[in-house]
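Beneath this line is the structure, given in structure tokens, with notes to follow.
Here, each number is a calculation from the coordinates, and none is a lab measurement. Note that the structure is predicted; figures quoted are calculated from it, not measured. Here the Cβ positions follow ideal geometry from the backbone for every residue, glycine too, while neighbour counts run over all protein chains shown.
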């Protein structure tokens, strides 16, 4: 069972997934900082509030923190936009590789063999 687990972990897909999760977590922290420290103050200027995350509505004993929700929505749209552009770039790269015409796959030895074959055919026809 331990050997099977080692083989599972050693697969490239699992390692790629782990790297993606780690980078995604770090990227999420950067986006959260961007939203909290740059975008929210900019929006706050227009709303007359400095901190967007403190926006809330109280109804009775319930408090609805819609500012924190707006932060999460802004974070989501930034991450989604970046992922969209990454996928678009990757698709463009993959498409250009697929559309490139393949070069003549025959190497020199195959060409020589074809020439020899053609010469032998000509000699046998005489």
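Every helix of 4 or more DSSP H residues in the chain counts as -39500 (n - 2.57), and over all residues that averages to -25000 deg cm²/dmol at 222 nm. Cα centroid separation, segment 7-59 to segment 60-83: 10 Å. Rounded to the nearest 10 degrees, the inclination of helix 12-34 to the longest alpha-carbon principal axis of the chain is 30 degrees.
Computed over the chain with a Gaussian network model linking Cα atoms closer than 10 Å, the most mobile of 109, 72, 33 is 109.
Rounded to the nearest 10 degrees, the angle from helix 66-99 to the longest Cα principal axis of the chain is 10 degrees. The protection proxy used here, the mean number of other Cβ atoms lying within 10 Å of each residue, ranks peptides 1-8, 77-84 as follows, highest first: 77-84, 1-8. By other beta-carbon atoms within 10 Å, ranking 63, 35 with the fewest at the front produces 63, 35.
What is segment 2-101 by shape, rounded, prolate or oblate, if you read a ≥ b ≥ c off the alpha carbon gyration tensor as root eigenvalues and call it rounded for a/c under 1.5, prolate for a/b larger than b/c, and oblate otherwise? Note, shape of segment 2-101 comes out oblate. Among 93, 74, the order by Cβ neighbours within 10 angstrom, fewest to most, reads 93, 74. With neighbours defined as other Cβ atoms within 10 Å of a residue's Cβ, the residues 43, 23 order from fewest to most as 23, 43. One decimal place: the segment residue 68-residue 116 gains 9.5 nm when fully extended, by the rule 0.36 nm per residue minus the C-alpha distance. Compared with the dominant principal axis of the Cα atoms in the chain, helix 108-125 is inclined by about 30°.
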